[in-house]
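What follows is a short report on a single structure.
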Amino acid sequence: MQAVCFKTVVVMTDYASDLNHAARYGDDIVTAGQPTQEQLAAAAREGVQTVINLRPDGEFNEYDEARTVAEAGMRYVVIPVAGPGDINETSARQLDDALAEGTPALVHCASSNRVGALMAYRARYLHDTAPAQALQIGLDTGLNPSSPLLDAMRDKLGVER
């Protein structure tokens, strides 16, 4: 008589699967819309080191995100991006520096639209990515193709319409 061995396989979904408009950029960056407290706790459990919030003061007040992130043991960085005027070399460099200091990272705004725009700008001007490819990075990381921000980013990146 042969012994039969059964193996239990546990399928885990990662924290990003529950985030609004989540996208992966490389192996260590997730871009998304506003996470909940529970999603931030899940991100910490899965090893996220840095949460980067692009929402300016006063745009979100449902809970104290900075405290939630700190209590979960992650680093919290705010880079206020209210609109196209805030997508510039200064904010792109702040994002680049924050990512260099600690990944895995979660980068978010309300919907991920501004995240995608800033990721595109960062790719173009800090990482010397071709304009059309930088725009595609933006679209892949949350820039909404139906948003007026798309045209502003085409102009900023030098992509023909």
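The values are calculated or read from the model by the stated rules, or taken from the named source; none is laboratory data. Everything quoted here is computed from the prediction, not taken from an experiment. Using ideal geometry, Cβ is built from the backbone for each residue, glycine included, and neighbour counts are taken over all protein chains shown.
For segment 70-124, the set of residues classified as among the basic types (Lys, Arg) and in contact (Cβ under 8 Å) with a residue 60 or more places away in the chain consists of ARG114 only. Within segment 22-64, restricting attention to residues that are hydroxyl-bearing (Ser, Thr, Tyr) and surrounded by fewer than 18 Cβ atoms within 10 Å (Cβ to Cβ), the residue that is modelled with the highest pLDDT is THR36.
Taking the options ALA100, ALA92, ALA123, name whichever one is under 16 Å from ARG154 (Cβ atoms) and either surrounded by fewer than 19 Cβ atoms within 10 Å (Cβ to Cβ) or among the small types (Gly, Ala, Ser) (or both).
ALA123
Among the listed residues ALA70, ALA82, ALA117, ALA130, which satisfies the condition of being surrounded by fewer than 16 Cβ atoms within 10 Å (Cβ to Cβ) and touching a Pro at 6+ places or on another chain (Cβ under 8 Å)? Within the list ALA70, ALA82, ALA117, ALA130, the selection yields ALA82. Among the residues of segment 95-139, those that are in contact with a helix residue (DSSP H, G or I) (Cβ under 9 Å, 6 or more places away or on another chain) and of a type in the set (S, T, N, Q) comprise ASN113, THR129, GLN133, GLN136.
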